[in-house]
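Let me begin by presenting the structure, written as structure tokens, before commenting on it.
The values are calculated or read from the model by the stated rules, or taken from the named source; none is laboratory data. Since the model is a prediction, treat every value here as computed from it, not as a measurement. No Cβ is skipped: glycine too gets one built from the backbone with ideal geometry, and neighbour counts run over all protein chains shown.
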């Protein structure tokens, strides 16, 4: 009997987590498409970066984010898939893959302009530590 309760509890948790993920999907998609829009305002795009990613990006580029982000080749496009696990997400757009994290300020981009390298980690134009 105890095993059944454990199994039922695990099933309920899975349903709850799936529900939370699907509820976050519109917010995740909105942030990803706004960031990856090639015609987007550079300062607004910088505001969508996670704090650690913003600091790392500015340090690596040796320039203010708004100046450096304009040189990043982002393709944007329609959302083709969203995967959310806990407080992290991956969004695939027509021409880009982005990674996001949930912060106190909402969903923020941790990596963008990413290309898959098979089994190796993604190669990203913008990424944090």
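Just one of the listed residues (80, 59) is out of contact with any helix residue (DSSP H, G or I) (no Cβ under 9 Å at 6 or more places or on another chain), within 19 Å of residue 116 (Cα to Cα) and loosely packed, with under 12 Cβ neighbours inside 10 Å, namely 80. Of the candidates 21, 12, the single residue that is modelled with pLDDT under 90, surrounded by 13 or more Cβ atoms within 10 Å (Cβ to Cβ) and assigned to a helix (DSSP H, G or I) is 21.
Residues in region 56-90 that are in contact (Cβ under 8 Å) with a residue 24 or more places away in the chain and in a helix (DSSP H, G or I): 56, 57, 66, 67, 69.
For region 62-75, the set of residues classified as modelled with pLDDT of 90 or more, surrounded by fewer than 17 Cβ atoms within 10 Å (Cβ to Cβ) and either over 20 Å from the mean Cα position of the chain (by Cα) or closer than 17 Å to residue 100 by Cβ (or both) consists of 64, 67, listed by residue number.
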